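Worksheet: one structure, shown below.
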Amino acid sequence: MKSLKLLGLSAIVAVTALTGCKPKGTETAVSGDAAQKVYVAPGKYDEFYNFVSGGFNGQVNVYGLPSGRLLKVLPVFSVNPENGYGYSEETKPMLETSHGFIPWDDQHHLSLSQTNAEVDGRWLFANANNTPRVARIDLKTFKTVEILELPNSAGNHSSPFLTENTEYVVAGTRFAVPMDDANGDVPIDSFKENFKGVLSFIGIDQQTGGMDLSFQIEAPGINFDLSHAGKKKSGDWFFFSCYNSEKANTLLEVNASQNDKDFIMAVNWKKAAELVKAGKGRKVVTEYAHNTWDESTHSATSTMKKEVVVLSVEDMKEAMFMIPCPKSPHGCDVDPTGEYIIGSGKLAALIPVFSFDKMIKAIADKNFAGEYDGVQVIKYEAALHGEVQKPGLGPLHTEFDGKGNAYTSMFVSSEVVKWNIKDLKVLDRQPTFYSVGHLMIPGGDSGKPFGKYLVAYNKITKDRYLPTGPELAQSAQLYDISGDKMKLLLDFPTFGEPHYAQALPGDMISKNQVKFFKIADNKHPYATKGEAESKVVREGNKVHVYMTSIRSHFAPDNIEGIRVGDEVYFHVTNLEQDWDVPHGFAIKGNENAELLIMPGETCTLKWIPKKPGMYPMYCTDFCSALHQEMQGYVRVSPAGSNTPLIYSLNNKKDNAQSPVKEGETK
Ligand code: RUQ
Ligand code: CUA
């Protein structure tokens with residue numbers, strides 16, 4: 001990408017040289033009624049939820065469209081001090097992997113669950129690129145409820161993309177690597193013999209959304225970049241863009257850019273699933289974590305899985321084919337009808353559009369050009385619908401408006417190009433500021449796009465916002481695509497770095513929101529369902545504080561008898577049963593983040609006091625007029641001391657109503 005980036009920069013420089021200091025039209029490109037089109041009056045809701053990948057920050061960010069207002073940072077693959085995700089005892093297991101606890105990752109792509117090739121608003125799937133994992137977010141609670149690690153993979157880039165009824169979430173490895181059950185301790189230049197490219201098929205439970213790694217395919221040692229499922233007529237197939245067909249293991253910017261064509265790989269996933277059912281494939285022994293969130297205990301569990309069924313190229317003989325695709329394709333997109341498959345060769349000067357019908361015919365006619373590592377290669381012309389000529393430079397990704405048009409991002413020439421899928425004519429081009437990567441139309445990769453808007457997620461921000469030192473805000477741009485010509489409406493900054501995004505109409509998920517958790521349904525083992533039940537229990541050097549929070553106090557709020565060397569667990573249950581009344585919890589010197597506890601929920605903060613003294617604790621969320629009074633003390637005595645373990649709320653000595661109670665010792 002380096003040379004690409006340089007090319008991109010020089011393109012900007014060239015424009016700049018022609019027009020003076022600033023690229024022409026950076027401000028004037030916005031037409032007069034733009035402000036009105038993005039104005040969402042105070043108290044009014046946006047039309048769309050826009051879920052945007054957080055890239056190297058590992059989270060998913062939720063914006064409203066058309067306003068571009070940030071609604072939420074949704075923690076997925078990185079710890080989040082705002083609400084204690086990855087810090088509280090309950091959420092720590094979500095970030096367990098076969099490599100241990102991993103507090104961050106790199107999040108690139110998102111997929112909304114679909115029914116009949118239409119987004120259905122149930123779940124959002126997200127990939128972790130570095131340590132390969134797929135997460136499922138429940139859109140009723142906007143919580144990460146499941147994370148599944150992927151074995152035999154590295155660089156989970158071609159992920160997560162799903163079939164039209166969310167039967168499978170599919171992920172392709174970016175890095176070819178030796179299989180987990182093979183010796184990975186081999187010379188790097190044995191790449192061609194030892195390295196494999198693995199595709200993962202994660203089965204989804206249609207009721208619960210639960211993920212299970214159903215099977216993998218051990219494909220040739222190529223790099224998978226992106227993918228999309230077929231839909232409707234092509235619904236049984238999955239398409240993956242592949243680069244590095246040269247199998248280079250060093251200086252890929254040169255060595256993986258040799259071949260004139262790489263490939264789109266077409267996989268019949270229905271057949272693959274049937275093969276597995278019929279007992280094909282070998283069991284590979286490996287380790288991968290499966291982490292699930294239980295809404296009744298408000299806690300996550302991590303289990304280590306031990307094996308996976310893997311199909312070979314030989315098993316897939318009749319169900320896996322290559323289509324040549326110029327040159328180092330990045331995006332791999334399928335139009336809403338399922339007939340056209342678009343490969344965006346980032347080094348190609350054209351965009352090839354393949355026809356599903358032609359591909360099927362070529363397979364039936366055995367119209368092959370040869371084999372690539374045992375996979376039949378269909379003749380380029382035999383599968384080709386046609387090429388978009390002179391679309392721009394550096395095509396990366398394509399989305400669709402459902403009206404027969406495609407929109408492709410051009411990284412090098414910094415523009416979005418609209419073209420007609422059938423006759424392949426370019427219809428419009430609009431500049432982006434600058435170097436657009438992904439782009440997104442609400443529902444734009446489904447069988448039924450909502451059209452109306454297009455958002456460009458740009459790689460280079462330059463002069464778009466007030467500068468913030470060398471590290472600038474990331475940049476997105478909103479276009480109106482309802483007319484013949486695209487119109488730039490708005491710039492809005494995003495968390496870095498945005499890759500893919502998804503969007504859908506607000507009411508599809510707003511109507512299903514959980515407002516609070518019923519306290520009666522709370523099955524957390526340390527839940528405290530009323531103040532009378534609050535207590536402090538010592539088990540050796542572990543002290544469990546069963547604490548409640550309600551406007552505007554904790555129970556108990558005075559604790560004595562904690563000793564240096566103790567491990568103290570504050571299990572705080574929020575007793576509120578009202579919408580939007582979280583409480584926070586923090587104690588001086590705690591190495592974790594604070595907690596943020598939703599109504600009806602129990603969260604646990606682990607605290608190891610290091611020295612004797614008085615430790616204030618307080619609520620960190622401004623919950624009522626007396627929020628500032630929501631505070632208390634914990635007294636810590638030296639190790640081995642015999643300060644009695646006592647706790648209280650509103651203790652006045654000899655107050656029979658609220659006595660100072662003695663802690664239990666087990
Ligand atoms: S990528 S800018 Cu990680 Cu999706 Cu294409
Ligand atoms: Cu509870 Cu502030």
Can you list residues whose amide H is under 5 Å from THR115's amide H, if they're 5+ apart or on another chain and H is modeled 1.01 Å from N?
ASP120
Where the only charges are on Cβ atoms (+1 Lys, Arg; -1 Asp, Glu), what is the dipole of the chain about its Cα centre, to the nearest 20 debye?
700 debye
Given a 1.4 angstrom probe, what's the average accessible area per residue across the range 126-276, in square angstrom?
30 Å²
In Å, the Kirkwood hydrodynamic radius from C-alpha pairs for the range 69-197 sits at 15.9 Å
With respect to the cross-link table entries LYS192/LYS283; LYS44/LYS523; LYS92/LYS652, which display a Cα-Cα separation exceeding 30 Å?
LYS44/LYS523; LYS92/LYS652
One finds, for ASN420 and LYS523 with R0 = 51 angstrom and r their Cβ-Cβ distance, a FRET efficiency to the nearest 0.05 of 0.35
Can you work out the FRET efficiency for the pair GLN389 and THR468, with r the C-beta to C-beta distance and R0 = 45 Å, to the nearest 0.05?
0.65
Viscosity 1.567 mPa s, temperature 4 °C: what is the translational diffusion coefficient of the range 414-470 from Stokes-Einstein with a Kirkwood Rh over Cα pairs, rounded to a whole number of µm²/s?
98 µm²/s
The range 145-285: relative contact order from alpha carbon pairs under 8 Å, six or more residues apart, as a whole percent, is 21 percent
Rounded, prolate or oblate: which one fits the range 468-533, using the alpha carbon gyration tensor with axes a ≥ b ≥ c (rounded when a/c is under 1.5, else prolate when a/b beats b/c, else oblate)?
oblate
Any chance you could run the full-extension gain for THR141 through MET614? It's 0.36 nm times the residue separation minus the Cα-Cα distance, nm to one decimal.
166.5 nm
I'd like the Kirkwood hydrodynamic radius of the range 126-222, using the inverse of the mean 1/r over distinct C-alpha pairs, in Å.
14.0 Å
Over the Cα atoms of the range 622-666, each weighted equally, I'd like the Debye log10 I(q)/I(0) at q = 0.26, 0.27 Å⁻¹, rounded to two decimals.
-1.01, -1.03
Label point distance in nm, GLU318-LEU71, each placed 7 Å from Cα along Cα→Cβ
4.7 nm
Give me a comma-separated list of calculated 3J(HN,Hα) values for the range 433-445, in order, Karplus coefficients 6.51, -1.76, 1.60 applied at θ = phi - 60°, integers in Hz, x for any Gly or Pro.
10, 9, 6, 5, x, 7, 9, 8, 10, x, x, x, 10
Of the listed links LYS261/LYS379; LYS233/LYS452; LYS37/LYS452; LYS452/LYS485, those spanning more than 20 angstrom between alpha carbons are LYS233/LYS452
Once the principal axes of the Cα atoms of the range 489-582 are found, what is the range along each, listed largest first in whole angstroms?
62, 31, 24
Karplus ³J(HN,Hα) for the range 336-345 (6.51 cos²θ - 1.76 cosθ + 1.60, θ = phi - 60°; Hz, whole; x = Gly/Pro) runs x, 7, x, 8, 10, 10, 10, x, 9, x
Compute for the chain: radius of gyration divided by Kirkwood radius, i.e. Rg/Rh, restricted to C-alpha atoms, rounded to two decimals.
1.03
Does the range 336-379 classify as rounded, prolate or oblate by the C-alpha gyration tensor (a ≥ b ≥ c root eigenvalues; a/c under 1.5 gives rounded; else a/b over b/c gives prolate, otherwise oblate)?
oblate
From the phi of every residue in the range 65-74, what ³J(HN,Hα) in whole Hz does the Karplus formula 6.51 cos²θ - 1.76 cosθ + 1.60 yield, where θ is phi - 60° and glycine or proline is x?
10, x, 6, x, 6, 7, 9, 6, 9, 9
Once amide H atoms are built 1.01 Å from N in the peptide plane, which residues 5 or more positions from TYR434, or in another chain, come under 5 Å H to H?
LYS459, ILE460
Amide H neighbours of GLY443 at under 5 Å, excluding residues fewer than 5 places away on the same chain, with H built from the backbone geometry, are PHE450, ALA503
Let me know the charge dipole size of the range 103-262 about its Cα centre in debye, to the nearest 20, where only the beta-carbon of Lys, Arg (+1) and Asp, Glu (-1) is charged.
440 debye
So if we plug the beta-carbon distance of ASP654 and TYR633 into 1/(1 + (r/R0)^6) with R0 = 25 Å, what FRET efficiency do we get, rounded to 0.05?
0.80
Return the Rg/Rh value of the range 43-111, two decimal places, where both radii are evaluated on C-alpha atoms and Rh is the Kirkwood radius.
1.06
Which whole-number percent is the relative contact order of the range 597-639 (Cα, under 8 Å, 6+ apart)?
41 percent
Expressed as a percent, the accessible surface of the range 476-519 that is carbon or sulfur, using a 1.4 Å probe and the full set of protein chains, is 55 percent
Of all DSSP beta bridges having both residues in the chain, the percent classed as antiparallel (nearest 5) is 90 percent
Cross-link table LYS366/LYS422; LYS140/LYS487; LYS247/LYS361; LYS231/LYS270, entries beyond 23 Å C-alpha to C-alpha
LYS366/LYS422; LYS140/LYS487; LYS247/LYS361
With the alpha-carbon atoms as the only input, what is the per residue convex hull volume for the range 182-311 in Å³?
162 Å³
Can you give the relative contact order of the chain as a percent, counting alpha carbon pairs under 8 Å and 6+ residues apart?
11 percent
Part-to-part distance (alpha-carbon centres) for the range 236-293 and the range 306-355, which is given in Å
10 Å
Take the alpha carbon gyration tensor of the range 460-501, find the square roots of its eigenvalues, order them as a ≥ b ≥ c, and report rounded if a/c is under 1.5; if not, report prolate when a/b exceeds b/c, else oblate.
prolate
What Kirkwood radius, in Å to one decimal, follows from the Cα pairs of the range 525-569?
11.2 Å
Per-bin percent of Cα-Cα distances, the range 284-375 [5 Å]
3, 10, 13, 13, 14, 11, 9, 11, 9, 5, 2, 0
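The values are calculated or read from the model by the stated rules, or taken from the named source; none is laboratory data. None of these values were measured; they are calculated from a predicted model. No Cβ is skipped: glycine too gets one built from the backbone with ideal geometry, and neighbour counts run over all protein chains shown. Heavy atoms of the whole protein, side chains included, go into the accessibility calculation; ligands, DNA and RNA do not. Shrake-Rupley method; radii C 1.70, N 1.55, O 1.52, S 1.80 Å.
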